[in-house]
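The values are calculated or read from the model by the stated rules, or taken from the named source; none is laboratory data. All values derive from a computational prediction rather than experimental measurement. Cβ coordinates were reconstructed from backbone atoms using ideal geometry, including for glycine residues, and neighbour counts include every protein chain displayed. Areas reflect the complete protein model, heavy atoms only, side chains present, ligands, DNA and RNA absent. Shrake-Rupley method; radii C 1.70, N 1.55, O 1.52, S 1.80 Å.
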Amino acid sequence: MKDTPITKYDYIDALRGFAILAVVFYHSMQWVVPTSGVLTAIAEQGARGVQFFYVASALTLFLSLGTRKKIETRPVLNFFIRRFFRIAPLFYLAIILYTWYDGNAPRYFAPNGIQWWYIPLTAFFLNGWLPETINSVVPGGWSIAVEMIFYLTVPYLFSKLKDVSSTL
């Protein structure tokens, strides 16, 4: 492995930060209703923060893969390992804690309760493929499922999308 530093772009982190703030603003509107029509309109658009976050993250991943392809012998394998260990440990902890706290009982995102097979499906990040499992074990777990499926596609997309015309 060559010793080339991975460039970190602060402006992309700032964009992701704004995206996260937009999502927080949107979710806070569910608890505290804005008194202004303008604030309500802005808060409602905060839901777009998720998409914006994914686009900014994709840019970061592509830039990182471009550098790592030059310095690593197995950049795709290393990419998957890094992504897995960045996401999975905390998600698995959430699965354990929510299962321990709520058990299999009915709840908001699982009105009929949790079936035994929801847990392994969620652990394999496949909960996003079925409506009854999308948020049943871990509320908001849909975003982790989407993220992991996206990670599976990134190396392929990186190999095919070389310029603006191929991307379009």
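Miscellaneous remarks
- Derived scalar couplings ³J(HN,Hα) [segment 7-24; Karplus, 6.51 cos²θ - 1.76 cosθ + 1.60; whole Hz; x for Gly, Pro]: 6, 10, 9, 4, 5, 6, 4, 5, 4, 5, x, 5, 4, 5, 4, 4, 5, 4
- Computed over the Cα atoms of segment 46-114, pair by distinct pair, the Kirkwood hydrodynamic radius stands at 15.1 angstrom.
- Computed over the chain, the per-residue total of -39500 (n - 2.57) for DSSP H runs of n ≥ 4 gives a 222 nm mean residue ellipticity of -21000 deg cm²/dmol, rounded to 500.
- The string of couplings for segment 32-43 from the Karplus curve (6.51, -1.76, 1.60, θ = phi - 60°) is 10, 6, x, 8, 10, x, 5, 4, 4, 4, 5, 4 Hz, one whole number per residue in order, with x for Gly and Pro.
- Within segment 13-38, backbone nitrogen closer than 12 Å to the virtual label 7 Å beyond the Cα of THR60 toward Cβ: 13-20
- Within the accessible area of the chain, the carbon and sulfur atoms contribute 69%, probe 1.4 Å, all protein chains present.
- Centre-to-centre separation between the Cα atoms of segment 29-65 and those of segment 98-143: 25 Å.
- For segment 1-67, the Kirkwood estimate of hydrodynamic radius, built from reciprocal distances between every pair of different alpha carbons, is 13.5 Å.
- For the pair VAL38 and VAL50, label points projected 7 Å from Cα toward Cβ lie 2.8 nm apart.
- The modelled label-to-label distance for the pair TYR156/ARG86, using points 7 Å beyond Cα in the direction of Cβ, is 2.0 nm.
- Reported label for calculated percent of Cα pairs over 26 Å apart given (1) 44; (2) 30; (3) 40: (1)
- Under 5 Å between amide hydrogens, built in the peptide plane, is the criterion, and for ARG107 it picks out ASN112, GLY113 among residues at least 5 positions away or on other chains.
- Sparse-neighbourhood loop sites, chymotrypsin sites (Phe, Trp or Tyr not before Pro) in segment 17-49 - DSSP loop, at most 16 other Cβ within 10 angstrom: TRP31
- Applying 0.36 nm per residue to the separation of ALA123 and TYR101 and subtracting their alpha-carbon distance, the gain on full extension is 6.2 nm.
- Using the Karplus relation 6.51 cos²θ - 1.76 cosθ + 1.60 with θ = phi - 60°, the per-residue 3J(HN,Hα) values for segment 107-114 come to 8, 3, 8, 9, x, 9, x, 9 Hz, with x marking Gly and Pro.
- Accessible area per residue for segment 1-120, computed on protein heavy atoms with a 1.4 Å probe, is 72 Å².
- Trypsin sites (Lys or Arg not before Pro) restricted to segment 1-106 and DSSP loop, no more than 10 other C-beta within 10 Å: LYS2, LYS8
- Gain on full extension, evaluated as 0.36 nm per residue between GLN30 and LYS69 minus their Cα-Cα distance, stands at 9.7 nm.
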